[in-house]
Amino acid sequence: MPSSRIPTPAVAVVGGGPAGLMAAEALAAGGVQVDVYDAMPSPGRKFLMAGRGGMNITHSEPFERFLARYGIRRENLAPLLTAFGPDALRAWIHGLGIDTFVGSSGRVFPTEMKAAPLLRAWLHRLRGAGVRFHVRHRWLGWDATGALRLMTPEGERRVQADAVVLALGGGSWARLGSDGAWVPLLAQRGADVAPLQPANCGFDVAWSEHFRSRHAGQPVKPVVASFAGERRQGELTVTGYGVEGGVIYALSAALRDAIATQGQVLLHLDLVPGRDLEQLTAALSRPRGRDSLAKHLHRCAGISGVKAGLLREFAAGEELVSPARLAAALKSLPLPLMAPRPLDEAISSAGGVRFEALDGGLMLRDLPGVFCAGEMLDWEAPTGGYLLTACFASGLAAGKGVLAWLGREE
């Protein structure tokens, strides 16, 4: 007598980063067979690299402020982050046996400050749940029958699946798998994809050779950077090509977009954030005596080294003579930015599959059964745990979206 057993659906997850792995976890919990395909030799390569300097997993600030970090895509991400936000992410990490703590800045880290223990525990749990991993499998699109085309060390392989989750990353750090090669593959199928752009990136500055040779590699701190009404305090780093660092990344989206429409833009730096203009003017008005300008700046304003170099690089000669104008230059030094650095150098990328092309379960409306998650979606956020949190949340949403589409959601 023929069996009446209903076959277990098979779902392919393409991409083994946080979004793909979270989708795989949701799918395995829903009772489907999950196969994860990744182009790299092992899953989570970019995740591990991001954790080298201390794995900042999320942020502890109030939820409304947290949501505001996602800018124009806040409303699109709000349902995902409400379902799986910072508190839920921390609880999930604790469930893997990894403790977390909140740093002085409000950022949340694993106690060991590393990504590797978390990833090992997670992969172990996924394998125990029946998730199968296939590495060195690069997605090439679909064949005429709708099967996935995957290039492997043994040649091309075709895979049929009842549903597909694409979690292919953005376009930064190509050596770790996020190379944006998926963009034309989806565009060919009519998917609405916004061009990938650098996010959380550095910018080019036309340094003089004198300044570059003396100050490349040096941090500028503390400093307040201002652009288009936004102010960020922290530090930046002078590089051979220009500037990078926390305050630059925090403003990078606005700077990038302004450069695209206006060309060169001016970022204003407050090199003496601890004093107001009146206090600084009074200090610089003290008699110099026989002191050089360099000594006077150091004695009266604490300005020396790279900050003094920046002042001489961009302040007009007459501004260095008048105490009032000198103080004004120190409080709002114009730094001309020429262009964002290339996409592959960026920490993350903007652009990707537009939310308007997706339904509420993150399925492409024009490609039934194909879901998207993670950084390949059209959103961006500053560093500080926001990037990873949204990747986890969108992966979970895509996994649950697949289960609903397959009729297996509780």
Six or more apart or on different chains, Cβ under 8 Å: which pairs go from a residue in the stretch 323-345 that's closer than 21 Å to SER208 by Cβ to one that's assigned to a loop (DSSP other than H, G, I, E, B) and modelled with pLDDT under 95? Could you list them? LEU326/ALA315; ALA329/ALA315; LEU330/ILE303; LEU333/ALA315; PRO336/GLN264; LEU337/GLN264; MET338/GLN264
For the stretch 315-393, list the strands (runs of 3 or more DSSP E) that sit wholly inside it and hold at least 1 residues that are modelled with pLDDT of 95 or more, under 30 Å from TRP92 (Cα atoms) and touching a helix residue (DSSP H, G or I) at 6+ places or on another chain (Cβ under 8 Å); which are they? 348-353, 370-372
Subset of the stretch 243-259 [more than 20 Å from ARG212 (Cα to Cα) and acidic (Asp, Glu)]: ASP257
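Can ALA121 be described as of a type outside the set (D, E, K, R) and exposed (fewer than 15 other Cβ atoms within 10 Å of the Cβ)? I'd like the intermediate steps shown before the answer.
Numbers: of a type outside the set (D, E, K, R): yes; exposed (fewer than 15 other Cβ atoms within 10 Å of the Cβ): no.
Judged against the criteria, ALA121 is not a match.
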In the stretch 194-210, anything surrounded by fewer than 18 Cβ atoms within 10 Å (Cβ to Cβ) and not charged (D, E, K, R) is listed as ALA194, PRO195, ALA206, SER208, HIS210
Matching residues, the stretch 350-399, being of a type in the set (Val, Ile, Thr) and over 16 Å from VAL183 (Cβ atoms): THR383, THR389
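At least 2 residues that are touching a residue at least 60 places away in the same chain (Cβ under 8 Å), within 29 Å of MET376 (Cα to Cα) and among the polar types (S, T, N, Q) in each: list the strands (runs of 3 or more DSSP E) lying fully within the stretch 196-279 that qualify. Before you say what the answer is, go through the steps one by one.
Details: elements: 219-227, 230-238, 242-244, 265-270.
Because the criterion is at least 2 residues that are touching a residue at least 60 places away in the same chain (Cβ under 8 Å), within 29 Å of MET376 (Cα to Cα) and among the polar types (S, T, N, Q), no strands (runs of 3 or more DSSP E) in the stretch 196-279 meet it.
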Within the bounds of the stretch 385-400, is there any residue that is in contact with a Leu (Cβ under 7 Å, 6 or more places away or on another chain) and among the polar types (S, T, N, Q)? yes
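Does VAL220 satisfy being closer than 16 Å to SER332 by Cβ, surrounded by 18 or more Cβ atoms within 10 Å (Cβ to Cβ) and modelled with pLDDT of 95 or more? Give the derivation first.
Details: closer than 16 Å to SER332 by Cβ: yes; surrounded by 18 or more Cβ atoms within 10 Å (Cβ to Cβ): yes; modelled with pLDDT of 95 or more: yes.
Considered against the rule, which asks whether it is closer than 16 Å to SER332 by Cβ, surrounded by 18 or more Cβ atoms within 10 Å (Cβ to Cβ) and modelled with pLDDT of 95 or more, VAL220 comes out as yes.
Inside the stretch 63-76, can you point out the residues that are surrounded by 11 or more Cβ atoms within 10 Å (Cβ to Cβ) and on the phi < 0 side of the Ramachandran plot?
Going through the stretch 63-76, the residues surrounded by 11 or more Cβ atoms within 10 Å (Cβ to Cβ) turn out to be 63, 66-71, 73-74, 76.
The answer is PHE63, PHE66, LEU67, ALA68, ARG69, TYR70, ARG73, ARG74, ASN76.
The values are calculated or read from the model by the stated rules, or taken from the named source; none is laboratory data. The model shown is predicted, which means the values in this text are computed figures rather than measured ones. When we count neighbours, we look across all protein chains shown, and the Cβ atoms used for this are built from the backbone with ideal geometry, even at glycine.
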